[in-house]
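A.B. asks: Dumping the structure here so I can ask a few things about it.
The values are calculated or read from the model by the stated rules, or taken from the named source; none is laboratory data. Note that the coordinates shown come from a computational prediction; the quantities given were computed from them, not determined experimentally. Here the Cβ positions follow ideal geometry from the backbone for every residue, glycine too, while neighbour counts run over all protein chains shown.
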């Protein structure tokens, strides 16, 4: 590691710990040449990029930003912090990289997003599911709502979103 002050490449690590974002290692270093201290961050670089197999059979590089945009659109103006949405997308990305070596179907990505949205917010879930599962009639939507009423998730402050019909 080259010192940003004097340019020498002799330093020692004083402290090493996980960074706040959880995806890096933060290291405090001290240059043996000029004795100044500086901080570096190390991240694991994924050399293998996932490829997404779309419904039409075409293949595109995986892009977590597409998940984030889909989640943002589904959540609309719902009271869900942006950080929570981004965290959810990054978590899905990590899971996919752990479970798939090279290729993953877009249906699988959509299924995982829908599952996480169902746990997060029923309205956002229905918005996303209507696109992902391609509801074409009101009956399709009604069936999904019925299933949601039967198997509700424990959502904080939202347990009465879908009360059973009287």
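A.B. asks: Taking the criterion of being within 23 Å of the chain's Cα centre (by Cα), assigned to a loop (DSSP other than H, G, I, E, B) and either modelled with pLDDT under 85 or under 21 Å from residue 72 (Cα atoms) (or both), would at least one residue in the range 133-149 satisfy it?
C.D. replies: The answer is yes, given that some residue of the range 133-149 is within 23 Å of the chain's Cα centre (by Cα), assigned to a loop (DSSP other than H, G, I, E, B) and either modelled with pLDDT under 85 or under 21 Å from residue 72 (Cα atoms) (or both).
A.B. asks: Among the residues that make up the range 72-93, is at least one of them assigned by TED's automatic domain parsing to the domain that holds residue 113, in contact with a strand residue (DSSP E or B) (Cβ under 9 Å, 6 or more places away or on another chain) and closer than 30 Å to residue 133 by Cα?
C.D. replies: For the range 72-93, residues assigned by TED's automatic domain parsing to the domain that holds residue 113, in contact with a strand residue (DSSP E or B) (Cβ under 9 Å, 6 or more places away or on another chain) and closer than 30 Å to residue 133 by Cα: absent.
A.B. asks: Go over the candidates 104, 71 one by one and state the one that is surrounded by 13 or more Cβ atoms within 10 Å (Cβ to Cβ), assigned to a strand (DSSP E or B) and in contact with a helix residue (DSSP H, G or I) (Cβ under 7 Å, 6 or more places away or on another chain). Before you say what the answer is, go through the steps one by one.
C.D. replies: Values: 71 fails: assigned to a strand (DSSP E or B).
Going through 104, 71 in turn, the sole match is 104.
A.B. asks: Going residue by residue through the range 107-119, is there one that turns out to be modelled with pLDDT under 95 and either in contact with a strand residue (DSSP E or B) (Cβ under 7 Å, 6 or more places away or on another chain) or assigned to a loop (DSSP other than H, G, I, E, B) (or both)?
C.D. replies: No: the range 107-119 contains no residue that is modelled with pLDDT under 95 and either in contact with a strand residue (DSSP E or B) (Cβ under 7 Å, 6 or more places away or on another chain) or assigned to a loop (DSSP other than H, G, I, E, B) (or both).
A.B. asks: Grab the strands (runs of 3 or more DSSP E) fully contained in the range 1-55, keeping just those with 2 or more residues being modelled with pLDDT of 95 or more, surrounded by fewer than 10 Cβ atoms within 10 Å (Cβ to Cβ) and in contact with a helix residue (DSSP H, G or I) (Cβ under 9 Å, 6 or more places away or on another chain).
C.D. replies: Per the criteria, no element qualifies.
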